[in-house]
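Student: First, the structure itself, so that you have it in front of you.
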Amino acid sequence: MPRVLDVAIREAVGKRGVSVVVIPGDVALQPAVDASAPKAEGLLPRAPVVTPSPGDLDRLAALLNGEDDRITILCGSGCQGAHHELLALGARLKAPMVHALRGKEHVEWENPYDVGMTGLIGFSSGYYAMRDCDVLLMLGTDFPYRQFYPEGNAVRIAQVDLRPENIGRRVPVDLGVVGDVRATLTALLPLLKQKRDGKHLSQAQQHYAKSRRELDDLAKGTSGKRLIHPQQIAKALSDQAAADAIFTCDVGLPTVWAARYLAMNGKRRLLGSFWHGSMANAMAQAIGAQAVYPSRQVISLSGDGGFTMLMGDFISLTQLKLPVKVVVFNNGTLGFIELEQKSTGFLEFGTELNNPNFAAMAKAMGIYGVRLEDPADVEPGIAAALAHDGPVLIDAVVNRTELAMPPSITLEMAKGFTLYMVKAIMSGRGDEIIDLAKTNLWR
């Protein structure tokens, strides 16, 4: 058994993934064998530093040194620890940087070249910076959504990744380079020419400023309106959280609000089920993070669907004395699923949740509970909750019909929503269309 656990730990840490140990019942009942305690240096070896061959570096430099080429950089989680090198690369190439969701916490902070995220929950600025380029440089990312990559054979793509199996897996590449991002950039930068034309970068930066301003406008609330936009909750958390806070977010709409409104700074962390998309991950991850880092502020951005799936575990916060701050986006529905149903032309079905008063439930367990129903109460309510010395539940009653708009609307999406609205009116549910308009048009 000790040997099996040693192997599992090395696999999980070394490959940055998950190890699962399955023990048959009859084996579990056997006496454990004596085994020497593992040594930390042997159990947790340091990650390798892989630098590409000189030939690969020369080919990559040749691809990037085209004077008239508009270059965009797509950054993923493999850019961890390479922030300084990324800034130097952006300055040298006059290239906008787009980040995938798992690259957010490593790329966007104090980075004048970052122009937002791409993907279904990304920014329009990130989307167009990636689509409108001559050369795309992918760094440490396995971004899976092919519809967001540039189209046509005229765009040349280079990919740098430590894992050879990732190269070319999502989109055909002209050049694949196996290497650690930081080590690769360190060796590559002396080979790159300084670009003069910054028009592509400037255009992307201006687009990003506009997109950021529009998103921030959506996070403003109107006192007394009793209609809290979830964006206001996420932005208030970002503004008031500790500089080294650890955030976790459930899949679905909480991930959208986290991706768009939580500001990273090099010290904060953002955890989620970004590979597997498993529901109800946020509170469980928050419990684990708080247990490992008892002195850091840990905030869970939980959906009401995800939270109720693991609601029995909530009392663990008092049992284990963990001061986790759990924020429940209480919109009374499985929001992202409902949005997907509408965008494909279906009336929502099986998504409604009849929620209790989560704050009252928390108080019954001896946990400080805050219920937010008015936009005027959001900032002071969150401030009080974050200042509380112990676990907290913030029951944020947010609007059900808030639309998380993608960076680009396709014809199929427009057709789907049109079909949904026709069906809603014909089924006597026209009030849903009015609520949709009130929330997203008549703010």
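Since every read-out is calculated from the coordinates, none of them should be taken as a lab result. Computed from a prediction, not measured in an experiment: that's the story for all the values here. Cβ: placed from backbone, ideal geometry, glycine included. Neighbour counts: every protein chain shown.
Student: What list do you get for W275, W257 if you sort them by fewest beta carbons within 10 Å?
Tutor: Values: W275 12, W257 28.
Least crowded to most crowded, the residues run W275, W257.
Student: A further question follows. Which far-off residues, 5 or more places away or on another chain, put their amide H under 5 Å from the one on L353, with H placed in the peptide plane?
Tutor: T333, L334
Student: While we're here: Is the stretch 340-380 best put as rounded, prolate or oblate by its Cα gyration tensor, with a ≥ b ≥ c the root eigenvalues, rounded for a/c under 1.5, and otherwise prolate when a/b is larger than b/c, oblate when not? Intermediate values should be presented prior to the final figure.
Tutor: Values: a/c = 4.66, a/b = 1.92, b/c = 2.43.
Oblate, since a/c reaches 1.5 and b/c is not below a/b.
Student: By average Cβ neighbour count within 10 Å, what is the ranking of 142-150, 201-209, 20-28, 175-183 from highest down? Could you put the intermediate results ahead of the total?
Tutor: On the way: 142-150: 15.8, 201-209: 18.3, 20-28: 8.2, 175-183: 20.6.
In descending order of packing, they fall as 175-183, 201-209, 142-150, 20-28.
Student: Suppose we keep just the alpha-carbon trace of the stretch 2-43; what are its Rg and Dmax in angstrom?
Tutor: Considering the stretch 2-43 through its Cα atoms, Rg and Dmax are 12.0, 33 Å.
Student: Would you calculate, for the chain, the mean residue ellipticity at 222 nm contributed by helices, counting each DSSP H stretch of 4 or more residues as -39,500 (n - 2.57) and dividing by all residues, to the nearest 500? Numbers along the way, then the final one.
Tutor: Details: 19 runs with 176 residues, N = 443.
That calculation yields -11500 deg cm²/dmol at 222 nm.
Student: Something else about it: Can you flag which of K94/K210; K235/K321; K267/K363; K104/K195; K15/K104 are past 29 Å Cα-Cα? Intermediate values should be presented prior to the final figure.
Tutor: Details: K94/K210 20 Å; K235/K321 27 Å; K267/K363 32 Å; K104/K195 26 Å; K15/K104 21 Å.
Beyond 29 Å: K267/K363.
Student: Let me ask something else about it. Pop out the ³J(HN,Hα) list for the stretch 122-129 in order, Karplus 6.51 cos²θ - 1.76 cosθ + 1.60 with θ = phi - 60°, rounded to Hz; leave Gly and Pro as x.
Tutor: Taking θ as phi minus 60°, the curve returns x, 9, 5, 5, x, 4, 6, 5 Hz for the stretch 122-129.
Student: State which stretch of the chain is the longest one without any exposed GluC sites (Glu not before Pro), exposure meaning a DSSP loop state and at most 12 other Cβ atoms within 10 Å.
Tutor: Numbers: sites that count: E67, E110, E151.
Between the exposed loop sites, the longest stretch runs 152-443.
Student: Sorted from largest down, give the three principal axis spans of the alpha carbons of the stretch 104-204, whole angstrom values.
Tutor: Dimensions of the stretch 104-204 along the principal axes of its Cα atoms: 31, 31, 31 Å.
Student: May I pose another question? For the stretch 158-224 and the stretch 303-365, what is the separation of their C-alpha centers, rounded to whole Å?
Tutor: If you average the Cα positions of each part, the centres end up 34 Å apart.
Student: For the stretch 244-257, in order, what is each residue's ³J(HN,Hα) by Karplus, 6.51 cos²θ - 1.76 cosθ + 1.60 with θ = phi - 60°, in whole Hz (x at glycine and Pro)?
Tutor: 10, 5, 10, 9, 10, 9, 5, 5, x, 5, x, 5, 4, 5
Student: What ranking do K225, K363, K235 get, fewest neighbouring Cβ atoms within 10 angstrom at the top?
Tutor: Working: K225 12, K363 15, K235 24.
With the sparsest Cβ surroundings first, the list reads K225, K363, K235.
Student: Under a GNM of the chain (C-alpha, springs under 10 Å), which listed residue has the highest mean-square fluctuation: A47, A187, A258?
Tutor: Fluctuation is largest for A47.
Student: Would you grab the residues whose amide H sits under 5 Å from the one on M138? Only those 5+ places off in sequence or on another chain, please, with H modelled 1.01 Å from N.
Tutor: L74, A158, Q159, V160
Student: Could you give me the ³J(HN,Hα) list for the stretch 28-34, computed from phi with Karplus coefficients 6.51, -1.76, 1.60 and θ = phi - 60°, whole Hz, x at Gly and Pro?
Tutor: 4, 7, 6, x, 6, 7, 5
Student: Amide H of G116: which non-local residues (sequence gap of 5 or more, or other chain) have their own amide H closer than 5 Å, using H built in the peptide plane?
Tutor: Those qualifying (amide H under 5 Å, at least 5 residues apart or on another chain) are H99.
Student: Then there's this: Could you put S53, S211 in order, starting from the residue whose Cβ has the fewest other Cβ atoms within 10 Å?
Tutor: Details: S53 12, S211 21.
Ranked by crowding around the Cβ, least crowded first: S53, S211.
Student: With no solvent and one equal point scatterer placed on each C-alpha of the chain, evaluate the Debye formula and give log10 I(q)/I(0) for q = 0.09 Å⁻¹, two decimals.
Tutor: The Cα Debye sum returns log10 ratios of -0.67.
Student: Now, a different point. Would you give the gap between the C-alpha center of the stretch 63-93 and the C-alpha center of the stretch 111-133, rounded to a whole Å?
Tutor: What the calculation gives is 14 Å, centre to centre.
Student: Relative to the present Cα-Cα distance, how much length would full extension add between A384 and Q319 at 0.36 nm per residue of separation? Each step should come with its number before you reach the end.
Tutor: Numbers: separation 65, 0.36 × 65 = 23.40 nm, distance 2.26 nm.
So the chain would gain 21.1 nm between A384 and Q319.
Student: Gain in length, E352 to E340, computed as 0.36 nm per residue apart minus the alpha-carbon separation, to one decimal in nm?
Tutor: Working: separation 12, 0.36 × 12 = 4.32 nm, distance 1.40 nm.
Stretched out fully, the E352 to E340 stretch lengthens by 2.9 nm.
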